[in-house]
Amino acid sequence: MPARSPRATLTASPPLVRRVPLSPLVKLWIIRTLRLGLYREFIRKDSFLDDETAAAIGLARWVDPADCDFDAKVVRAELRVLHARVETRSAGARAPARVTRNVAALGSLVGLSRVDRQILEFTVMLHTERLLDEVTGHLGPMTAERVPRIVAALLGLPEREVQEALHPSAVLAKSGLVLLERDGPNALRYKLLLLSDHFAERLRSTIGEPVTLLSDAVAPSPAPDLSLEDYPHVQQTLSILRPWLARALAHRSRGVNVLIYGIAGTGKTQLARVLAQDAGCALFEVASANSDDDPVSGGQRLRALRAAQCLLARRRALVLFDEVEDVFDDRSGPGARSTGQSHKAWMNRTLEGNAVPTVWLCNAIGALDPAFIRRFDLVFELPLPPQAQRVRIVQEACGDLLPPARVTRLADTAKLAPAIVTRAAAVAQAIRGTLGDAAAGEAIEHLIANTLQAQGHHTLALDRSAPLPELYDPAFTNIDADLPALAAGLREAKSGRLCMYGPPGTGKTAAAHWIARELERPLLLRRASDLLGMFVGQTEQQIAEAFREAEREGAVLLIDEVDSFLQDRRRAQCTWEVTEVNEMLTRMEAFTGIFIASTNLVDNLDPAALRRFDLKLRFDYLTAAQSMELLARAAAQLGLAAASANDQAQIARLRTLTPGDFAAVIRQARFHPPASANALVNALAAECALKAGTSTSIGFL
């Protein structure tokens, strides 16, 4: 017997005999694959391309022959005989029972034909049978045109019927169960895409309701933790949305889509769950992660949405598609198109004809093409809740860990999202027994402050003005108006645009705070540092948001250093300087509440802006009489003897004295208390001396 030549295979491991025999149907598919021009490639001159496959289909005696040499010609002849025998014996062979039952259940739900079911069963087995995947991989890269021909040959079906079943408009594709990938050549497995990564395993290992089989892609949403009462700030929108959804569900209307946007943590997902509960229907969420908690692609999520629309069409249900940025803003680089743009025609058809009402959520509305936005029935922002609602959220989340004053302090932070509060409270409540109640309350504030800081926001009410100074009295504001009468007029009118101008420290901010208190409204203070953005258009967006926030909260809006946004456009050197002024003017005119602008540089304001203010209030330095009266009050507050005549004469000579100077000196007294009224006067004189070099007259007079 001649010596045998060395044998080689493409497998990395030594030849194996498959322990678990192939099912007759899979064996048939593998042999049919080999018949598609792979005989010579699979059966080489002195070996098999893959010993494990050869053994599995019935050629084990040739894998390691003991009594004869490997004869390729004889092996090919034997394979032909084997093929004929398997074709005869496998007539009527079926996929595993679980696969058959699950495919039948899905087929009944979405209307799969006999051919559709066979293709789905084959695709499931292709994704779960390693040898079938490997053997079909030897057929080489597939084009979308070649796939139906190969699948038809393997399943023994007419090619035309397979082409029709795999068409993008057919049930398999519309349901997302099997999608023919048309981009680029690939192995057969990667041309026949399933609903999700684990869908094939689920169909092979689980028997259950169709929705259970889809849980990796579409899952029932849990019950809400909130109620409609938690959304008073969007009640006007909800008064439209709720009956619209009720009508859509009752009439099984098509093409019903709602887009809710807003920054993370405002409660968008909870609102969707509340709406479903209110409508008395189930809510199903399109998964953004698989069962391994790995993120799924935008394309996979769209396939899941397709499946949900088909499988839930006959149920009273809503679909929730959260994080729509995964589809509309998932571009891989400059110039690349997002998944939504790549499937624009399909997206448009979905938004115009989806069978199940769908709620879409996003954090940034800018991620969506306006062409998509106009196809939604209702689009609205879910903003951060107003101050009164934030108080309720903090109280409910923190229980008795925070006293009322600290609850108010937290709630006064305008950027405080509900999710920030609930997470911080959950941590503090969990370790309450270890820390104690007082420390747990401090932990809540600490955690909230850290989160706000990480998000780039002011922490714990720094975005609001400081409380009125203890000495504040409108009588000690040198203003060309009667503040009490002005407050009474604003209370009656409920709207107004005021410009307060004058030197620093003359009491503009304090007067605005006093007016807000008199009107029993919160004061929303925005400084230039809060509104100026580093990117083109960002400042305009933040100006607009300030006015919207004040309107939502019913607050008096105070914009300090308004000259930063209302500078004379005739001096502008860049287009963005003009657009900032235009945005501010537009928002001022549209605002229906009370708006106060303060500035030290009124001469720099655009003339058009000045004309738009209802009142322009000039704040001046204290009069001599006001200075002496404030000196008397300050001395009494600090426990000092009354000022002498010389002290009074000295303070009367301080022409640039302001209420802010008195506030500064009183703050100094905490760590450097004056010994007498004369020392207090000297401290005030020192404050005025710091203004040396500037004219004592007001530059804008």
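For the range 339-367, a residue qualifies if it is open to solvent by 10 Å² or more (accessible area, probe 1.4 Å) and either modelled with pLDDT under 80 or within 20 Å of the chain's Cα centre (by Cα) (or both), and the qualifying residues are 339, 341, 342, 343, 344, 345, 346, 363, 364, 365, 366, 367.
If the condition is being surrounded by fewer than 21 Cβ atoms within 10 Å (Cβ to Cβ), at pLDDT below 85 and closer than 17 Å to residue 454 by Cα, then the range 381-433 contributes only 415. Quick one: what pairs do we get from the range 100-123, first residue farther than 15 Å from residue 308 by Cα, second of a type in the set (Lys, Arg) and not in a helix (DSSP H, G or I), C-beta under 7 Å, 6+ apart or different chains? Matching pairs, first to second residue: 100/94.
Among the residues of the range 261-276, those identified as in contact with a Pro (Cβ under 7 Å, 6 or more places away or on another chain) and under 16 Å from residue 320 (Cα atoms) are 262, 267, 270, 273, 274. The residues of the range 394-416 that are part of a helix (DSSP H, G or I) and touching a residue at least 40 places away in the same chain (Cβ under 8 Å), listed by number, are 398, 401, 409, 410. Take residue 452 and tell me if it is in a strand (DSSP E or B), in contact with a Ser or Thr (Cβ under 8 Å, 6 or more places away or on another chain), closer than 30 Å to residue 410 by Cβ and at pLDDT 85 or above. No. Just one of the listed residues (655, 618) is among the basic types (Lys, Arg) and touching a Ser or Thr at 6+ places or on another chain (Cβ under 8 Å), and it is 655. Evaluated against (1) open to solvent by 10 Å² or more (accessible area, probe 1.4 Å); (2) among the hydrophobic types (A, V, I, L, M, F, W, C); (3) within 16 Å of residue 231 (Cα to Cα); (4) not in a helix (DSSP H, G or I), residue 376 falls short on exactly one condition, (3).
Please find, among 626, 648, the residue that is farther than 15 Å from residue 682 by Cα and of a type outside the set (D, E, K, R). The match here is 626. Does residue 258 satisfy the criteria of being part of a helix (DSSP H, G or I) and in contact with a Pro (Cβ under 9 Å, 6 or more places away or on another chain)? It is false that residue 258 is part of a helix (DSSP H, G or I) and in contact with a Pro (Cβ under 9 Å, 6 or more places away or on another chain).
The listed residues are 610, 622, 640, 631, and the only one of them that is farther than 28 Å from residue 519 by Cα and either open to solvent by 10 Å² or more (accessible area, probe 1.4 Å) or not in a helix (DSSP H, G or I) (or both) turns out to be 640. Filtering the range 202-222 to residues that are part of a loop (DSSP other than H, G, I, E, B) and either of a type in the set (Asp, Glu) or open to solvent by 70 Å² or more (accessible area, probe 1.4 Å) (or both) leaves 207, 209, 216, 222.
Remark: pairs (first residue in the range 144-169, part of a loop (DSSP other than H, G, I, E, B); second residue among the charged types (D, E, K, R) and open to solvent by less than 10 Å² (accessible area, probe 1.4 Å); Cβ separation under 9 Å; 6+ apart in sequence or on different chains) = 144/191. Counting only residues that are more than 24 Å from residue 162 (Cβ to Cβ) and over 28 Å from the mean Cα position of the chain (by Cα), which one in the range 180-209 is modelled with the lowest pLDDT? Step by step, filter the range 180-209, then rank; the result is 208.
Listed conditions (1) modelled with pLDDT of 90 or more; (2) open to solvent by 40 Å² or more (accessible area, probe 1.4 Å); (3) not in a helix (DSSP H, G or I) are all met by residue 587, apart from (3).
The values are calculated or read from the model by the stated rules, or taken from the named source; none is laboratory data. All figures in this text were calculated on a predicted structure; none of them were measured in a lab. Note: ideal-geometry Cβ built from the backbone for every residue, glycine included; neighbour counts use all protein chains shown. With ligands, DNA and RNA removed, areas are computed over all heavy atoms of the protein, side chains included. Shrake-Rupley method; radii C 1.70, N 1.55, O 1.52, S 1.80 Å.
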